[in-house]
Structures are given as C-alpha cells and as structure tokens.
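Everything below concerns the one structure shown next.
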Amino acid sequence: MKTQVFKGHIIYTDGPDRFEVHENSYIVVKNGTIEDVCESLPTDYADTPIHDFGNALIIPGFYDMHNHAGQYLQCGTGMTKQLLEWLNDYTYKLEADLADKAYATKVYRAFTRDLLRYGTLGACTFATTSEKGTACLFEAFKEIGIRAFVGKVNMVRNAPDFILEDTDASIESNLALISRYQSDSKVKPILTPRFAPTSSEASLKRLGEIARAHNIPVQSHISENKDEIAWVHSLYPWAENYASVYGKFGLYGHVPTLMAHAVYLTPDEIELSRNENVYLVHCPDSNINVRSGIAPIKQYMTQGLKVTLGSDIAGGHKIQMNEAIVRAIQSSKLLSLSQKDAQISLSEAFYLATAAGGAFFGSVGKLKSGYAFDALVIDDHPLYKDRYSVLDRLEKFIYTGDDRWISARFIEGQLLEL
Ligand code: GUN
Ligand code: FE
C-alpha cells in the first residue's frame, strides 16, 4: 500500500456554513485516499517522507459543473448579445467546426490544460454534436488526468441545418461513446440534450431510455432566459413547466442530473428539484453576460436544493473557478438589494465550487478521511503570508489569485503536470 504524508495549512468546507481549518497539520493518504488529518503525526508514519508545503495552504480542487469545451475559443466574444441571438450568431458555427479531428484535438487540449492550470480538478462539459469531435475531448481529458463527465451534444431541431442531426444518428453516437468510455475510472460519458428547444419528444424519450438502461447521468440547461422559457411553453404546450419536459422522459432526477442556470424556477419546479439526484448549476458570469438574470441560489439552498457552480464558458468568459466564486458572491449581493436574505457568504460560495460539485464525482471535494486527496497547494506572496490569517489569505487568492499562486495540483495523491 502506498502511503503519503502532506503538511501545510489545510482548509476545506464540510458544509456551507463554515470553513474547517487545520493549521500546520498533516494529511495522511493511503492509495490516493485520505486516511487522517491531524495536528501531530502518529508514530506509525515516522519513517514516511513528508511533503512539507511549509506556510502554504492546501485546499480541495475546484469542480466546474457546467461548461462548453466546444465554445472555448469564443470566450469573451459576442458578450453584448442575449442568449438566443448569441447562440445563432456566434456559437453554432464554431461548434460545427469542431467536428474536425485535428482541430478538435488542438482546441480541447488547450481547454483541458487551462482547466488544470487554474485548479479545476473535475469538469462536466458539453462537447459538440460530433461523435468524432467528442471522442477527442474524452482523449484530451484522459491525457491531462483530471476528472470529467463529457457530453456529446444532442440537438435535432431549431438550429441551423449544419449543426443538426437526426435522432437515430444521435442515439447511435451516444451508444458508441458509452460503450467506448463507460468503464473509464475518471472520464465518463454524460447524456446531453442541449436544451428543450433543440430537442424533440422522440429524442428526449430515447435519451431517457439510454439513461435508465445504462445508468448514465444527464446534463442540460433549464430556465435560463425568459424568451427561452416562453419558447419551451410553445414547443411543449402539454407541459406544466420547463422541468416537467425533461421529467416526462426520465431526464429530471431519475439518474444524477445537472441542470444549468435555473434562474426562474417556479414553485412547482422547486418541488421537482428537491430530489437528491438533481444538481442545479449556478452560472453567474454567464447569467450576467448574456443578460439572463440572477438565480436566487441562497433561497434554493435554504429550500434544500442542491446547488453547484459552473463557469459556463463561453456564456461565462473566464474558465477560472475562483472567478466564478467571486461572481456568485457579487451577484448575490446585487440580488440582496431587492430580495431579503439573498446574499451568500464566502464559505457558502467556496462550498459550491468544491464539496457540492465534488459530490457528483464521488467522495471528492473535501479534505477529510475517506475522500480522495484531490487538492491544490496555494503558495501566495511572502508579504501576505506574514501579515494575514490563513482564511484572509484564502479569500485573497479567490479574489485576486491565478495560476501563479497554485504551486501543485494533485488527483488521488498523484502530482499532475501541466
Ligand atoms: N442554452 C442552450 N445552449 C446554450 C449554450 O450553449 N450556452 C448557454 N449559456 N445556454 C444555452
Ligand atoms: Fe451552458
């Protein structure tokens, strides 16, 4: 059995309300899993070499629970459009070009490397409709070594012909990718109807059947924008609400389900979302950029819904999850000007980006016994180390830090190289 010992200032969140802080402490890791976190090292480990990070912080990695690898090149363009216009004018052409294997390999390698660079150790990602292109994204994740759920995007109507597919072809591609990648330990398939407007009842039904038959999780978008919601009502007039379009076909909490945005959930949808398999993904940067709105996530958390955090690049313009944490706090403050108790705290936002998203991958996202040692070492400036408490230093990293502050990245105790 391989034993490792790491030492530093250990910080994580076990729940949203407060940080767990172990200054100058040890983490004992056996075969990649944390065995113990302690202030003095038990004598059993006297002969084990210590990876001593001195005065640096050791924190969990970040989990980006919603983003579009197929839009990576587009980050920071088209940022004055609204959602539906932005998709038509900017996004679909780029996604179509990523059917080319050589191009997709280049773009997806840059994307996965940047995730790791900025401390994202797990991601749930939309590729494009192309099966070949999506396979390149699986391979890029496997090369870089971080955890991922990778989705081939499914869309059969209401978009330009050059990006649409027919339902049979879409289903065959999903099945091919599932059989090729389902048994991988870190990079797994996820069923990805783009959103209700580009899906049909037939395509949703067949994706729901695959989800059940192969026990594959699901990711999609929900209630992001008011025009989009009106469109969903006109396309699915029988449905009581947006969530029940997915629900009718076994795609809303029947298997683990990620739903991005959820800006305008109705009381009935909140009830449907109170399901341990439903993970809402808050995407604050994107919600501001394409002018969707501000999701009332503090309210959702108080109501017992699972909320996680996503960059939603390229609706969001930054791949850095510390930026998403900042934007989650900032947008909650703006909402609190018009809604009572809407503001979230630093520990709540940090929890969303680490433990809450990590739970979708298994026992990751916390630095406690039984969890994988998936962690970042934050080595900030000596002038800050001398002056501030470890929690102030963490906040400073979140608000002002970048990859230059991250001196090591581990998955299951293994150091990952950029
Ligand atoms: N809804 C459907 N597709 C998309 C997308 O690519 N980005 C965002 N933000 N919303 C969507
Ligand atoms: Fe999105």
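Observations
- Leading residue by the ranking (farthest from ligand 1 (Cβ to nearest atom)) among those in region 270-285 that are touching a residue at least 60 places away in the same chain (Cβ under 8 Å) and open to solvent by less than 10 Å² (accessible area, probe 1.4 Å): His282
- Leu41 being farther than 25 Å from Phe360 by Cβ and either touching a helix residue (DSSP H, G or I) at 6+ places or on another chain (Cβ under 8 Å) or in contact (Cβ under 8 Å) with a residue 24 or more places away in the chain (or both): yes
- Filtered by the rule that a residue be within 21 Å of Arg18 (Cα to Cα) and of a type in the set (D, E, K, R), region 386-405 gives Asp392, Arg393, Glu395, Lys396.
- Filter result for Thr302 (over 26 Å from Lys81 (Cβ atoms) and either open to solvent by less than 60 Å² (accessible area, probe 1.4 Å) or within 16 Å of ligand 2 (Cβ to nearest atom) (or both)): no
- Any chance Ala324 is under 30 Å from Ile406 (Cβ atoms), within 16 Å of ligand 2 (Cβ to nearest atom), touching a Ser or Thr at 6+ places or on another chain (Cβ under 8 Å) and assigned to a helix (DSSP H, G or I): yes
- Tallying residues that are open to solvent by less than 60 Å² (accessible area, probe 1.4 Å) and either within 16 Å of ligand 2 (Cβ to nearest atom) or under 22 Å from the mean Cα position of the chain (by Cα) (or both) within region 34-73 yields 15.
- Residues of region 121-135 that turn out to be more than 23 Å from Leu416 (Cβ to Cβ), of a type in the set (Gly, Ala, Ser) and either touching a Leu at 6+ places or on another chain (Cβ under 6 Å) or part of a strand (DSSP E or B) (or both), as a count: 1
- Pairs with Cβ under 6 Å, 6+ apart, first in region 55-68 and of a type in the set (D, E, K, R), second within 16 Å of ligand 1 (Cβ to nearest atom) and assigned to a strand (DSSP E or B): Asp64/Ala123
- Taken together, Val377, Val307, Val364 contain a single residue that is under 23 Å from Asn67 (Cα atoms), in contact (Cβ under 8 Å) with a residue 24 or more places away in the chain, assigned to a strand (DSSP E or B) and touching a strand residue (DSSP E or B) at 6+ places or on another chain (Cβ under 6 Å), which is Val307.
- A Cβ distance below 6 Å, combined with a sequence gap of six or more or placement on separate chains, defines the contacts here; from region 187-211, residues that are more than 17 Å from Ile229 (Cα to Cα) and open to solvent by less than 10 Å² (accessible area, probe 1.4 Å) reach residues that are within 16 Å of ligand 2 (Cβ to nearest atom) and among the small types (Gly, Ala, Ser) in the pairs Val187/Ala148; Ile190/Gly151; Thr192/Gly151.
- Scope region 76-92; condition open to solvent by 40 Å² or more (accessible area, probe 1.4 Å) and under 22 Å from the mean Cα position of the chain (by Cα); matching residues: Gly76, Thr77, Met79
The values are calculated or read from the model by the stated rules, or taken from the named source; none is laboratory data. As the structure is a prediction and not an experimental result, all values here were calculated from the model. Cβ coordinates were reconstructed from backbone atoms using ideal geometry, including for glycine residues, and neighbour counts include every protein chain displayed. Ligands, DNA and RNA are excluded from the accessible area calculation, which covers all protein heavy atoms including side chains. Shrake-Rupley method; radii C 1.70, N 1.55, O 1.52, S 1.80 Å.
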